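Engineer: Submitted below is the structure of interest, expressed as structure tokens.
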Amino acid sequence: MVAVIVLILLLLLLGGGGLLGGGALNFLWILLVIGLILWVLGFFVRAAEGSRWYYW
């Protein structure tokens with residue numbers, strides 16, 4: 001849940017600057033996309049192992 005909130009806050013922050021902002025803004029977009037891809041891959045790899053994705 002915390003990851004979703006952080007993702008939404010980052011999208012709002014970076015969306016306000018647009019995709020064609022300064023170099024630092026483009027770097028942040030690249031980091032965000034890489035992090036999102038790794039998060040989704042980790043979710044599917046964990047699900048493919050047959051184990052639960054929650055701990056309770």
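The values are calculated or read from the model by the stated rules, or taken from the named source; none is laboratory data. Predicted model, so just to flag it, every value in this text is computed and none were measured. Here Cβ is always computed from backbone atoms with ideal geometry, including for glycine, and neighbour counts include all displayed protein chains.
Engineer: Take the conditions within 15 Å of the chain's Cα centre (by Cα) and at pLDDT 75 or above and apply them to residue 10. Does it pass? It would help to see each step written out before you state the result.
Structural biologist: On the way: within 15 Å of the chain's Cα centre (by Cα): yes; at pLDDT 75 or above: no.
Spelling it out, it is not the case that residue 10 is within 15 Å of the chain's Cα centre (by Cα) and at pLDDT 75 or above.
Engineer: Here are some conditions: (1) among the hydrophobic types (A, V, I, L, M, F, W, C); (2) at pLDDT 65 or above; (3) surrounded by fewer than 10 Cβ atoms within 10 Å (Cβ to Cβ). Residue 27 meets all but one. Which one does it not meet?
Structural biologist: Among (1) among the hydrophobic types (A, V, I, L, M, F, W, C); (2) at pLDDT 65 or above; (3) surrounded by fewer than 10 Cβ atoms within 10 Å (Cβ to Cβ), the lone unmet condition for residue 27 is (3).
Engineer: Please verify whether region 45-56 includes one or more residues that are of a type in the set (Lys, Arg), modelled with pLDDT under 75 and part of a loop (DSSP other than H, G, I, E, B).
Structural biologist: Looking only at region 45-56, we keep the residues that are of a type in the set (Lys, Arg), and these are 46, 52.
Going one step further and asking which of them are modelled with pLDDT under 75, we end up with 46, 52.
Filter again for part of a loop (DSSP other than H, G, I, E, B), leaving 52.
The answer is yes; a qualifying residue exists.
Engineer: Being surrounded by 10 or more Cβ atoms within 10 Å (Cβ to Cβ) and at pLDDT below 75 narrows it down to one of 21, 16, so name that one. If you could, list the steps in order and put the result at the bottom.
Structural biologist: On the way: 16 fails: surrounded by 10 or more Cβ atoms within 10 Å (Cβ to Cβ).
Selected residue: 21, the only one of 21, 16 that is surrounded by 10 or more Cβ atoms within 10 Å (Cβ to Cβ) and at pLDDT below 75.
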